[in-house]
Amino acid sequence: MIMMNSLQDFFRPESIHFSEDGIMLLESLNASIPDNRPKLIILDLNMPRLNGIETLRRLKESDDLKDIPVVILSTSVTEKQKNECIMLGAIHYLVKPSTYNEAKQIGVFIHELVNAQLSNIE
């Protein structure tokens, strides 16, 4: 919840979309028109039905979705999990914030990533 509020400080609410779990995310992305796909996916590892690692794996195996950059946001800080996510194609692995100030710092970082992605497209 802290992270969601922080992101809304940097992005218009209509530009932020949330999926309850990995299956819903993949279904939504596969049903979308390529031009309407997100410029960045922030993926939680602890999701119901399809966890974040399996969701990341499926994203990166899909010819249509593999180029969407993925940032992992998790409470887990194990090197093993971090390395696995990076090996699967995540561009960053961030630890979930515990304070609003930490969340704002992550929000700034994510805002800069999105701007960098947009400038690479132009």
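Name every residue in the stretch 64-80 that is in a loop (DSSP other than H, G, I, E, B) and β-branched (Val, Ile, Thr), in order of residue number. Can you show your working first?
From the stretch 64-80, those in a loop (DSSP other than H, G, I, E, B) are 64-69, 75-78; that's our starting set.
Within the stretch 64-80, Ile68, Thr75, Val77, Thr78 qualify.
Test Lys39 against the criterion of being in contact (Cβ under 8 Å) with a residue 40 or more places away in the chain, surrounded by 12 or more Cβ atoms within 10 Å (Cβ to Cβ) and basic (Lys, Arg), and give yes or no.
Values: in contact (Cβ under 8 Å) with a residue 40 or more places away in the chain: yes; surrounded by 12 or more Cβ atoms within 10 Å (Cβ to Cβ): yes; basic (Lys, Arg): yes.
Considered against the rule, which asks whether it is in contact (Cβ under 8 Å) with a residue 40 or more places away in the chain, surrounded by 12 or more Cβ atoms within 10 Å (Cβ to Cβ) and basic (Lys, Arg), Lys39 comes out as yes.
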query = Any idea how many residues of the stretch 74-94 are without any contact (Cβ under 8 Å) to a residue 40 or more places away in the chain and under 15 Å from Ile41 (Cα atoms)?
reply = 8
task = Residue by residue through the stretch 12-33, note down the ones that are at pLDDT below 85 and either in contact with a helix residue (DSSP H, G or I) (Cβ under 7 Å, 6 or more places away or on another chain) or in a helix (DSSP H, G or I) (or both).
result = Pro13, Glu14, Ser15, Ile16, Ser19
inquiry  = Out of Thr78, Thr99, Thr55, I need the residue that is surrounded by 12 or more Cβ atoms within 10 Å (Cβ to Cβ), on the phi < 0 side of the Ramachandran plot and among the polar types (S, T, N, Q). Which one?
reply    = Thr55
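So is Gly89 under 16 Å from the mean Cα position of the chain (by Cα), surrounded by 14 or more Cβ atoms within 10 Å (Cβ to Cβ) and at pLDDT below 90 or not? Even if it seems obvious, please write down each step before you answer.
Details: under 16 Å from the mean Cα position of the chain (by Cα): yes; surrounded by 14 or more Cβ atoms within 10 Å (Cβ to Cβ): yes; at pLDDT below 90: no.
Answer is no for this residue.
Could you list all residues from the stretch 83-105 that are touching a helix residue (DSSP H, G or I) at 6+ places or on another chain (Cβ under 7 Å) and part of a helix (DSSP H, G or I)? Spell out how you get there, then give the answer.
Residues of the stretch 83-105 touching a helix residue (DSSP H, G or I) at 6+ places or on another chain (Cβ under 7 Å): 84-85, 88-90, 93-94, 96-97, 100, 103-104.
The answer is Glu84, Cys85, Leu88, Tyr100, Ala103, Lys104.
The values are calculated or read from the model by the stated rules, or taken from the named source; none is laboratory data. Since the model is a prediction, treat every value here as computed from it, not as a measurement. Cβ: placed from backbone, ideal geometry, glycine included. Neighbour counts: every protein chain shown.
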